[in-house]
Amino acid sequence: MTQVRIEPWREDDLDLLRQLNSPDTRKHTGGPETDEQVLARHDRYVHFADTGQGSMFTLVLPDGTRAGSVGYWAREWRDQPVYELGWAVLPAYRGRGLATDAVLATLDVARARRDRRHAHAYPSVDNPASNAVCRKAGFTLLGETGFEYPPGRMMRANDWRLDLTAPPTGS
């Protein structure tokens with residue numbers, strides 16, 4: 001039995017996004033954003049599903065606690081249409097496999113769309129936890145790459161790929 005479920009991002013998840021904007025949680029993704037940037041991100045998350053380009057979700061524990069975020073979105077990578085995945089878990093809930101469970105559930109949602117062959121994740125080479133999530137969720141490591149995130153800042157990332165047309169594996 002999974003210990004977390006995903007729910008579509010909603011208007012009252014702003015406080016969760018502010019908690020996820022901590023120096024510890026954002027250390028591999030360019031550091032904390034300004035409140036203006038967080039508000040803009042929250043608005044994008046709330047309305048993202050309306051675009052048809054992906055979805056953002058909250059990680060919800062059995063007791064209703066909101067412990068993090070996960071999502072997927074359409075992008076072009078190496079001239080191919082793919083989905084990119086990203087996630088974050090509040091420090092108090094790390095190390096329990098929540099991110100892996102949430103990524104697997106999100107992959108099921110992306111897989112059901114049947115409009116992309118591959119999903120990718122690009123965790124920093126210096127982020128062992130997120131790289132472990134990729135491995136446990138069944139992604140294949142293609143190697144290191146330069147990756148722009150946040151916009152205007154290049155980082156060294158691992159390029160992990162998962163075939164959405166293959167039977168689900170992982171965890």
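The values are calculated or read from the model by the stated rules, or taken from the named source; none is laboratory data. Being a predicted model, the structure only gives us computed values, none of them experimental. So basically every Cβ, Gly included, is an ideal-geometry build from the backbone, and we count neighbours across all protein chains shown. The accessibility values were calculated without ligands, DNA or RNA, using every heavy atom of the protein model including side chains. Shrake-Rupley method; radii C 1.70, N 1.55, O 1.52, S 1.80 Å.
Just a few scattered comments:
Every residue, every condition in (1) in a loop (DSSP other than H, G, I, E, B); (2) of a type in the set (D, E), yes or no:
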| residue | (1), (2) |
| --- | --- |
| H42 | no, no |
| A49 | no, no |
| F57 | no, no |
| G64 | yes, no |
| A67 | no, no |
| E76 | no, yes |
| P81 | no, no |
| E84 | no, yes |
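- The single condition from (1) over 22 Å from D15 (Cα atoms); (2) open to solvent by 70 Å² or more (accessible area, probe 1.4 Å) that H118 fails is (2).
- The single condition from (1) out of contact with any Lys or Arg (no Cβ under 7 Å at 6 or more places or on another chain); (2) assigned to a strand (DSSP E or B); (3) at pLDDT 95 or above that S130 fails is (2).
- Matching entry among Y93, Y83 (being crowded, with 16+ Cβ neighbours inside 10 Å and within 25 Å of R117 (Cα to Cα)): Y83
- Any chance P32 is out of contact with any Lys or Arg (no Cβ under 8 Å at 6 or more places or on another chain) and not in a strand (DSSP E or B): no
- L39 being touching a residue at least 12 places away in the same chain (Cβ under 8 Å) and under 29 Å from R111 (Cβ atoms): no
- The listed residues are R135, R153, and the only one of them that is free of Cβ contacts under 8 Å to residues at least 40 places away in the same chain and surrounded by fewer than 16 Cβ atoms within 10 Å (Cβ to Cβ) turns out to be R135.
- When the range 29-85 is limited to residues that are out of contact with any Gly (no Cβ under 9 Å at 6 or more places or on another chain) and acidic (D, E), the one that is modelled with the lowest pLDDT turns out to be D50.
- Residue list for the range 44-79, filter: loosely packed, with under 15 Cβ neighbours inside 10 Å, under 17 Å from the mean Cα position of the chain (by Cα) and within 18 Å of L14 (Cβ to Cβ): R44, H47
- Search result, residues across the range 19-43 that are under 16 Å from P151 (Cα atoms) and either surrounded by 12 or more Cβ atoms within 10 Å (Cβ to Cβ) or in contact with a Ser or Thr (Cβ under 8 Å, 6 or more places away or on another chain) (or both): R26, K27, H28, T29, G30, G31, P32, E33, Q37, V38, A40, R41
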